[in-house]
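Engineer: Quick one: this structure, given as structure tokens, is what I'll be asking you about.
The values are calculated or read from the model by the stated rules, or taken from the named source; none is laboratory data. Please read these numbers as outputs of a predicted model, since none were measured by experiment. Using ideal geometry, Cβ is built from the backbone for each residue, glycine included, and neighbour counts are taken over all protein chains shown.
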Amino acid sequence: MFHRMRRRAKEPSEAQRQFAEAFARMQNQVPEGFGVPPAELEPTEPAALVDDFLPPELRVPSHDQLDGKMMPWKQPLVLDGEMVACAECEAYRDWLILSTSDQIWLRCRAGHQQQETRLDTAWYNRNSGPADSTHATFEDCLRHLGH
């Protein structure tokens with residue numbers, strides 16, 4: 001019985017035979033247009049320019065057009081297992097976190113500011129939500145955030 005199985009396995013199947021015949025027929029054929037340089041394209045008129053941008057009042061400034069960004073941080077800020085406190089008044093919650101020129105600054109409710117070197121712009125971007133507004137001056141932004 002095993003002898004018969006081995007004998008059948010040595011003979012190619014019908015599908016294998018058909019593939020071998022088709023391969024032999026196509027052996028020396030080259031597709032049409034292969035190796036021929038492409039035909040020259042005719043010059044066309046340039047497309048009409050359409051102003052498809054938003055109107056100026058709806059455009060959001062890009063990050064390089066802004067002097068900085070800020071967000072409120074109501075809860076205590078814990079870095080490296082230590083709660084951050086204001087160096088002057090020792091407040092430890094209700095911060096404004098400012099991101100400007102690749103630096104992070106903390107501003108307490110009393111208006112004291114201190115640079116926080118343990119934070120970076122990547123941390124700010126991970127923890128801030130989308131901007132809800134832009135302001136022309138720093139004071140306008142402070143008023144908007146309730147400081």
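Engineer: Filter segment 90-128 for residues that are of a type in the set (Gly, Ala, Ser) and within 12 Å of MET70 (Cβ to Cβ) and give the result.
Structural biologist: Correct list: SER99, SER128.
Engineer: If we scan segment 34-57, do we find a residue that is without any contact (Cβ under 8 Å) to a residue 60 or more places away in the chain, touching a Lys or Arg at 6+ places or on another chain (Cβ under 9 Å) and not in a loop (DSSP other than H, G, I, E, B)?
Structural biologist: There is no residue in segment 34-57 that is without any contact (Cβ under 8 Å) to a residue 60 or more places away in the chain, touching a Lys or Arg at 6+ places or on another chain (Cβ under 9 Å) and not in a loop (DSSP other than H, G, I, E, B).
Engineer: Mind checking which residues of segment 91-106 are of a type outside the set (A, V, I, L, M) and within 27 Å of the chain's Cα centre (by Cα)?
Structural biologist: Listed by number, the residues that qualify are SER99, THR100, SER101, ASP102, GLN103, TRP105.
Engineer: In the list ARG25, ARG59, ARG6, which residue meets the criterion of being among the basic types (Lys, Arg), within 30 Å of HIS135 (Cα to Cα) and either out of contact with any strand residue (DSSP E or B) (no Cβ under 6 Å at 6 or more places or on another chain) or at pLDDT 75 or above (or both)? I'd like the intermediate steps shown before the answer.
Structural biologist: Values: ARG25 fails: within 30 Å of HIS135 (Cα to Cα); ARG6 fails: within 30 Å of HIS135 (Cα to Cα).
Just a single option satisfies the conditions, and that option is ARG59.
Engineer: Of the residues that make up segment 10-18, is at least one assigned to a loop (DSSP other than H, G, I, E, B), surrounded by 10 or more Cβ atoms within 10 Å (Cβ to Cβ) and modelled with pLDDT under 90?
Structural biologist: yes
Engineer: In segment 66-125, which residue that is more than 20 Å from THR137 (Cβ to Cβ) and among the basic types (Lys, Arg) is surrounded by the fewest Cβ atoms within 10 Å (Cβ to Cβ)?
Structural biologist: LYS74
Engineer: Could you grab me the full set of residues in segment 107-137 that are over 28 Å from the mean Cα position of the chain (by Cα) and under 25 Å from ALA85 (Cβ atoms)?
Structural biologist: The answer is ARG107, CYS108, ARG109, ALA110, GLY111, HIS112, GLN113, GLN114.
Engineer: How many of the residues making up segment 126-137 are among the basic types (Lys, Arg) and surrounded by 14 or more Cβ atoms within 10 Å (Cβ to Cβ)?
Structural biologist: Residues in segment 126-137 being among the basic types (Lys, Arg) and surrounded by 14 or more Cβ atoms within 10 Å (Cβ to Cβ): 0 in total.
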